[in-house]
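The values are calculated or read from the model by the stated rules, or taken from the named source; none is laboratory data. Values in this document were obtained by computation on a predicted structure and should not be read as measured data. Note that we place each Cβ from the backbone using ideal geometry, even for glycine, and neighbour counts take in every protein chain shown. Accessible surface is based on the protein model in full, side chains and every heavy atom, while ligands, DNA and RNA are left aside. Shrake-Rupley method; radii C 1.70, N 1.55, O 1.52, S 1.80 Å.
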Amino acid sequence: MGAAYFYHLTRRPLEATLPMLVGKALQAGWRVAVRGVDPGRMDWLDQKLWQGPEEGFLPHGLAGGPHDADQPVLLTTAPDMPNAAACLMTVDGAGVEPDEVQRLERVCILFDGNDPDVVQVARGQWKALTGAGCSAQYWSEESGRWEKKAEA
């Protein structure tokens, strides 16, 4: 049974934080699905990942191609994970279900602390997931480094 890790982004933007977390997941041997809500935003994120440093390149693809099942990291807006991901990372308030948290090794919910609407979505997800019996941790970078602030 996995756990949901909530990452409250306040200092570094998504395009800086996501590669770090995806890199750690890949080091753990997990395939990753990154789920968003807007195809245009996922395309933007795809471009940002391609522009990252060569030594930290993250092999990935945008869902909808012929090789989705082969992608170590798949960017998608769909609920399914054709790449057999062990780790789901959600961005921009994308949904996550309790059975996903329980089935996967890890679910990471990244949310922008500067967007009150997205913060409200994350609070609702925390309540829904912990209310369903899922293990969860809340991480904040407010101090300048990542610190665990809550656990349920």
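Structure notes:
- What a 1.4 Å probe finds exposed on the chain is 50% carbon and sulfur by accessible area, rounded to a whole percent.
- Residues in the stretch 134-149 carry Karplus couplings, in order, of 7, 6, 8, 10, 10, 10, 10, 10, 4, 7, x, 9, 6, 9, 7, 9 Hz; the curve used is 6.51 cos²θ - 1.76 cosθ + 1.60 with θ = phi - 60°, and Gly or Pro positions show x.
- Computed from the C-beta positions of D38 and A152, the FRET efficiency with R₀ = 25 Å rounds to 0.30.
- Amide H partners (placed H, <5 Å) of A136, local residues excluded: A4, A152
- Gyration tensor (alpha-carbon) shape descriptor, the stretch 25-84, a/c threshold 1.5: oblate
- Lys/Arg +1, Asp/Glu -1 at C-beta; the chain dipole; positive extreme among W139, A150, V91: A150
- Here the chain is assigned +1 on the Cβ of each Lys and Arg and -1 on the Cβ of each Asp and Glu. Its dipole about the Cα centre then comes out at about 460 debye.
- Each residue of the chain gets 107 Å³ once the volume of the Cα convex hull is shared out per residue.
- Surface per residue (accessible, 1.4 Å probe) for the chain, Å²: 51 Å²
- Overall form of the stretch 5-49 per C-alpha gyration tensor (a/c, 1.5; a/b vs b/c): oblate
- The gain in end-to-end length when the R12 to A132 segment is fully stretched comes to 40.2 nm, 0.36 nm per residue minus the alpha carbon separation.
- Per-residue HN-Hα couplings for the stretch 65-76 [Karplus 6.51, -1.76, 1.60; θ = phi - 60°; Hz; x = Gly/Pro]: x, x, 10, 3, 5, 8, 6, x, 10, 10, 8, 8
- Paramagnetic label zone (point 7 Å from Cα along Cα-to-C-beta, V119; backbone N under 15 Å) in the stretch 1-37: 7-12
- Using θ = phi - 60° and Karplus 6.51 cos²θ - 1.76 cosθ + 1.60, couplings along the stretch 115-126 (whole Hz; Gly, Pro as x): 10, x, 5, 5, 4, 5, 4, 4, 4, x, 5, 4
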